[in-house]
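See below for the structure under consideration.
The values are calculated or read from the model by the stated rules, or taken from the named source; none is laboratory data. From a predicted model like this one, the values you see are computed outputs, not experimental measurements. Cβ coordinates were reconstructed from backbone atoms using ideal geometry, including for glycine residues, and neighbour counts include every protein chain displayed.
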Amino acid sequence: MRSLYISLVSEFYKSRKTLAFWAAILLPVVICSLVSFGFYSSSDKILPLNYPGLMLWARYSGATLNVMGMLIMPFYVIFMAFSVNNIEHKNDTWKTLFAQPLNKFSIYAAKYIYAVLLIFICLFLFAALTFGFGYLLQILVPKYTFNQYNPATFLINSYSKLFLSSLGILSLQFILSLVWSDFLKPMGIGFVGTIMGIVTASLNWQYAYLIPYSLPALALRITKIKKGGDPLAFEVFTQEIYTSLIYATVFFVIGYFVVSKKSIK
């Protein structure tokens, strides 16, 4: 555990000034601010629709969730996985890293856990800012009905599914960024995979869940609120979540063997 802790702290200090780290904070702030500003500036058009609190929260939070699941989340995970390993590629420090008196598995696991933590921080901020900005809109526009419904459970469940469904992509991209040091190959494969995932998920292909890049979109699809329905009436651990966790576990193990070979070069 000591080796894992030291390695994890080292990852933080090495990457705290990188774009991948700051994107975990800036993405939620920028996107949630833009969506909230849109609801504030368009209040005169939204108020006549007379949305009850449940439906207003559904439209407000859905504006962020749908964009995250379809586009931003897959690309952020792809870029972040590359950035975490690119630090060693760029400085050619893989051999030096594994020459330290630390457990090799701990060094590898720390990189992976750090990447998972960045995703968690990013999505936690999305959920928290969506919740906070919603009630801020209620204060700025008193005629809104955000105060009629508490979306906490809905937001927690939705972003938990988005988090878990992204782990399959992370593990696969982690391997690609270990194998190739250049930017184009892992990012190119990730881009093509994301497009495939969006298309297959949109077409409701029955085997779309087998494509890791389609899992965030599939996970969020069932969280859409139907009129008169209960927004909390959905399972967190569904087929796409189990598939993502299986991919994450398998690719994590494969990634360790890949990175272990680097240590003896």
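Restricting to segment 198-210, and then to whatever is part of a helix (DSSP H, G or I) and among the hydrophobic types (A, V, I, L, M, F, W, C), can you tell me which residue is surrounded by the most Cβ atoms within 10 Å (Cβ to Cβ)? The qualifying residue surrounded by the most Cβ atoms within 10 Å (Cβ to Cβ) is Ala201.
Screening segment 134-151 for residues that are among the aromatic types (Phe, Trp, Tyr) and assigned to a helix (DSSP H, G or I) and picking the one that is farthest from Arg59 (Cα to Cα) gives Tyr135. Among the residues of segment 175-197, those that are surrounded by fewer than 19 Cβ atoms within 10 Å (Cβ to Cβ) and more than 23 Å from Lys261 (Cα to Cα) comprise Gly188, Phe191, Val192, Ile195, Met196. For segment 159-200, filtering for residues that are within 19 Å of Ile246 (Cα to Cα) and among the hydrophobic types (A, V, I, L, M, F, W, C) leaves 10. Residues of segment 148-170 that are out of contact with any Gly (no Cβ under 7 Å at 6 or more places or on another chain) and of a type in the set (S, T, N, Q): Asn150, Thr153, Asn157, Ser158, Ser160, Ser165, Ser166. The set of residues in segment 44-67 that are within 25 Å of the chain's Cα centre (by Cα) and not in a helix (DSSP H, G or I) is empty.
Condition check ((1) touching a Gly at 6+ places or on another chain (Cβ under 8 Å); (2) surrounded by 17 or more Cβ atoms within 10 Å (Cβ to Cβ); (3) under 30 Å from Tyr112 (Cα atoms)) across all residues:
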position	(1), (2), (3)
Tyr5	no, no, yes
Val29	no, no, yes
Asn50	no, no, no
Ala58	no, yes, no
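Which of the residues spanning segment 157-174 are crowded, with 21+ Cβ neighbours inside 10 Å and either among the aliphatic types (A, V, I, L, M) or more than 17 Å from Val116 (Cβ to Cβ) (or both)? Those that are crowded, with 21+ Cβ neighbours inside 10 Å and either among the aliphatic types (A, V, I, L, M) or more than 17 Å from Val116 (Cβ to Cβ) (or both): Ser158, Leu162, Leu164, Leu167, Ile169, Leu170, Leu172. Among residues of segment 68-102 being surrounded by fewer than 14 Cβ atoms within 10 Å (Cβ to Cβ) and assigned to a helix (DSSP H, G or I), the one that is modelled with the lowest pLDDT is Asn91. Taking the criterion of being β-branched (Val, Ile, Thr) and in a helix (DSSP H, G or I), the residues of segment 7-26 that qualify are Val9, Ile25.
Taking the criterion of being within 22 Å of Ile175 (Cβ to Cβ) and at pLDDT below 70, the residues of segment 212-265 that qualify are Lys262, Ser263, Ile264, Lys265.
Annotation: Val29 fulfils all but one of (1) in a loop (DSSP other than H, G, I, E, B); (2) in contact with a helix residue (DSSP H, G or I) (Cβ under 8 Å, 6 or more places away or on another chain); the unmet one is (1).
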